[in-house]
Structures are given as structure tokens and as C-alpha cells.
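The values are calculated or read from the model by the stated rules, or taken from the named source; none is laboratory data. This structure is a prediction, so every number in the text was calculated from the model and none was measured. Cβ sites come from the backbone with ideal geometry, for glycine too, and all protein chains shown count toward neighbours. When the accessible area is computed, the model is the full protein with side chains, heavy atoms only, and any ligands, DNA or RNA have been set aside. Shrake-Rupley method; radii C 1.70, N 1.55, O 1.52, S 1.80 Å.
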Amino acid sequence: MASISSAGIGSGLDVKSIITQLMAIEQQPKDQLVTAATKIQTQISEVGKVTSALSTLRDLSSKLSSNTFWNQTTASSSGTAVSVTSSSSALTANYSVEVQQLASSQSLMAGQTFTSSTAAVGTGTLNIEMGTWGTGQTTFAAASVPSSAAITVDSTDTVESLRDKINAAGIGVSASILTDSTGARLVVRSTSSGAANAFRVTTSGATGGVATMGYDPSASVTGATQTKVAADAKATIDGVSVTASSNTFANVMDGVSLTANAVTTAATTVTVSHDTASIKTTLQSFATAYSALNSLISTDTKYDATTKKAGPLQGDSTIVEVQTRMRTLLGATSTASSAFARMSDAGFELQRDGSLTLNSTKVDNALANISQIKALFVDNTSTSTSGEGFGKQFYDTTYGMLTVGGSINARSTALSDKLLRNQKSQDAMDARLAQTQKMLEAQYGALDTRMASLTGLSSYVTQQVTQWNKTGA
């Protein structure tokens, strides 16, 4: 039955209000689903936070279980003449270093001074060849990998354009112009230092300034002036002579690189030691990450008797189990180290609120025995859990929780599935509510029409009775 366009007008019934109140009752199950969905979303969010905190702890545990982490070193020098860096492959030791010579690049200055950088330089061909000078520069050995260029100089070339041609050749030399009150001079230098990066210059068909640019002492060609010799850096380390094409002696000892900054007048002491400061920082980060995880779980699972409010994960056995397993590991013993049996022996102290702190004095003492505190944490070859380092134990536990099929991963998946089912129920409820509203509108529309008809009939009868009474009188 079709409903009337303005319900209640004919009958006087407040049909719109009646339907609204009836629909509010029908809406209550949907409202409960919405409330439940909000709670599930909060739980998903909090489990996500637990996952993130657990991931941080896992990553730090992985670091602590690594031999490479515990082998990291730091290096220092007793003077500024020598700089030093070290890696995890370096052995702790002291070295005596003396620098006899710094590395340098060969540099030549053309024999002619030009009036300006735009002055013509003459004509001819410049032949530049990379290689190594013999003793006294009486011989020249070309580079084993040929690197040379023949640069044609035209009558239109200037000092600037010749500079650009040399730089464009890309053979291991660069050119620049030195200008002062006397004029402009062309300077050519090796782009890399070291004896093997020297070069010679010969000319052919040269005129003007080009004729003054040759340099090959082995052939008595000295038109240009050598202002700097190509040379290797030379040093001695514990009495052993070493050389390098640059001022950096890379990996001269396993994991140790030296940089010569100046020639020394006395031996410089280089010290390589365990980087206990970085190790201690990571141990503190572990304690901080553990405390953050514990605090998050405690807040999420607590019940506040004063406010009578429960945390979003209160009663969640999966989350409570995470906290329990972490505390159990923290209080466990291990046979991995002969000097330390518990993490507390290395300075970790569990507080009454469940947080973890690092006793600075205690951990410093433990780090003085680096091999044993390392054994307390690293992945050992033991087949028993009690023989594994705590870094490995914490990593295995946290990884197992977070991986696919793990307790935290499964809990997160379960909550997501629950939210999806809730949404499907809401969608079904919305469809049912729409049908219910249509049905009520149809029913009350028909009632309104019927009531309007009865009201009209009642008015007609009343009028007739009144008329009869007047006639009878």
C-alpha cells in the first residue's frame, strides 16, 4: 500500500516521530556493533604498538647476538700528524708511526708568461703522456694502461682555450691559469697524487708559447718548469716501511687505515681498542627498549580500580604472555660465559615497576672483560638454550612472536578478521534497517490514510445528526 506524501496530516498522528522512535529501537544492535568495532580498532592499534616495540627489541637483540658488533673498535692518535680509523676486523694494539714524506702530484708551469688569459699561445701539438719517472727523472716508464693525448693548438687558441682542451682530454691531468701582476701562466698538474701518476709533455711543430711547454728531462726537454714532483707518501709502522700513492694508507693492518697529515719529527702512537662506548650505548638502548615494551603492555592490560576502567588489552592472554616471557628471559641463567651467568651480572637491573635500568659502574666493570660479556650475549654454537647468549635468546623469542604464525602476528590477524566480520554484520544490519524503515513507512502511511478516512466519515455523521435535530425541532 502506498504511503501518503505528508504522513499525519490527515489523521493528526505524529507518524514521523513514531517511526523515528521505532527505528531508534531497531538501531540499537547496530550501535552495539559500532561500539564493538571502535574497541577492536583500538585493540588493533595497541597490538600494533606492541609489535613495533617488540620489533625494536628484536633488532637490538640481533645486534647484541652478532660477533661483529662486539668486535667493533675505535682508534686514536697521540698527535695530529697521523689520523686513524678502524673497523670490526681490527685487532686491539698500539702502533708506532713515523711519516717521512707526504704524497704529492706533479705540477708544471709553462715557460712563457702571457700578457693575459686571452692572449694567443702559438701553434703546434702538445703530447701529454702519463707514467712514472725513474731516479733523477733520467728515465720515464709509460703507464701500463696507456693514457695519453695529442692536443692540437691552432693560431686562434688562447691560454684559456688551451686550458679547456687539456681539461677535455681527460687523461689524468688538469690545467689552470695562474694570473698575477706579471701576467698569465698556464699550470698543468696530475689529478691524482703518487709517483705512478707523473706525466711528461713533448711538442711537435711548436711555435710561440707552445714551444715553452715541453717537459721531459730524460730527453733534455725543459721548456716548462716543474714546480712539484709526483711522489708517494712514505711512513714506517713499528719500523716497517710502507708507501701509498695518496696520504691514506688503507688497511695497512687488518681493519686499520692511517692518514698522514704532516711529516713527523717524532713517532706518533696509534691506539686501537674495543669501542666500549658504542657497546655501552647499545646496551642502554636495549634496556630502554625493554622498559618501553614493559610500560606499554602494563598500561594496556591494567585495570584502574579508581576509575573502574580497563586498558584496551586487559585480559588479553597473548599480550600478557609477551611480558611474562620477557621477564622470564631477563631472570634466566646461561652457561655461555664463564664470568657472567645472568644479565644482572653485566649491569642490567630490573626495577619494581618492571622497567630495566643499566648500572653504569657495573657494566663498565663487565666491559673490562670484553670477551666474557660478549659470550654472555652472542650466538654461540651450543645446542642447549642455557648455553646460548642472551642476545640470541631474546632475538629467537621476539622473532618467533613476530613472524608469520607467531603469537603476536596471529593476534593481530585475529583482530583484523574480527573487525572484518563486524563490518560485514554492520553492512547486513544497514540493509535490514533500510527494509524495516520502508515497511514502517508503508504501514503507518496506510494507517494514516485509514484514520483520515474515518475522521472524514465521523465529521459527516456529526453534521447529519445536527441537521436532523434542527429539522425535528
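For segment 1-128, take the convex hull of the Cα atoms, compute a quarter of its surface area, and give me that in nm², please. Intermediate results must be reported in sequence, preceding the final value.
Numbers: hull surface 125.8 nm².
It is 31.4 nm².
Run the numbers for Q21 and N261: contour at 0.36 nm per residue of separation, minus the present Cα-Cα distance, in nm.
Length gained between Q21 and N261: 77.6 nm.
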Original post:
Dipole of segment 139-207 (Lys/Arg Cβ +1, Asp/Glu Cβ -1, origin at the Cα centre): which of V145, G172, T158 lies farthest to the positive side?
Top reply: V145
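Step through the table entries K30/K308; K280/K392; K362/K392; K63/K418; K234/K374, compare each Cα-Cα distance with 28 Å, and write down the pairs that go over it.
Working: K30/K308 26 Å; K280/K392 18 Å; K362/K392 22 Å; K63/K418 36 Å; K234/K374 38 Å.
Too far apart for the 28 Å limit: K63/K418; K234/K374.
Where only protein heavy atoms count, and the probe is 1.4 Å, what is the accessible area per residue for the chain in Å²? Numbers along the way, then the final one.
Details: 24290 Å² over 473 residues.
With the other protein chains kept in place, the chain gives 51 Å² per residue.
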Subject >> Carbon plus sulfur fraction of accessible area for segment 240-375, probe 1.4 Å, in percent >> reply: 48
Subject >> For segment 229-346: span of alpha carbons on each principal axis (Å, largest first) >> reply: 84, 36, 23
Subject >> Debye intensity ratio I(q)/I(0), log10, segment 308-424, q values 0.09, 0.23 Å⁻¹ (C-alpha model) >> reply: -0.35, -1.28
Original post:
Roughly what would the spin-label model give for T282 and M439, points 7 Å off Cα along C-beta, in nm?
Top reply: 6.8
**OP:** Distance from a point 7 Å along Cα→Cβ of T118 to each backbone N in segment 127-156: keep the residues under 14 Å and list them by number.
**Re:** none
Original post:
Once Rh for the chain is found with the Kirkwood sum over Cα pairs, what is the Stokes-Einstein diffusion coefficient at 20 °C and 1.002 mPa s, in µm²/s?
Top reply: 67
Original post:
From the phi of every residue in segment 98-106, what ³J(HN,Hα) in whole Hz does the Karplus formula 6.51 cos²θ - 1.76 cosθ + 1.60 yield, where θ is phi - 60° and glycine or proline is x?
Top reply: 10, 10, 9, 7, 8, 6, 8, 9, 5
Subject >> Helix-only CD estimate at 222 nm, as mean residue ellipticity for the chain, using -39500 (n - 2.57) per DSSP H run (n ≥ 4) >> reply: -15000 deg cm²/dmol
Original post:
Of M401, S344, G389, which is farthest along the charge dipole of segment 271-425 in the positive direction, counting Lys and Arg as +1 and Asp and Glu as -1 at C-beta?
Top reply: M401
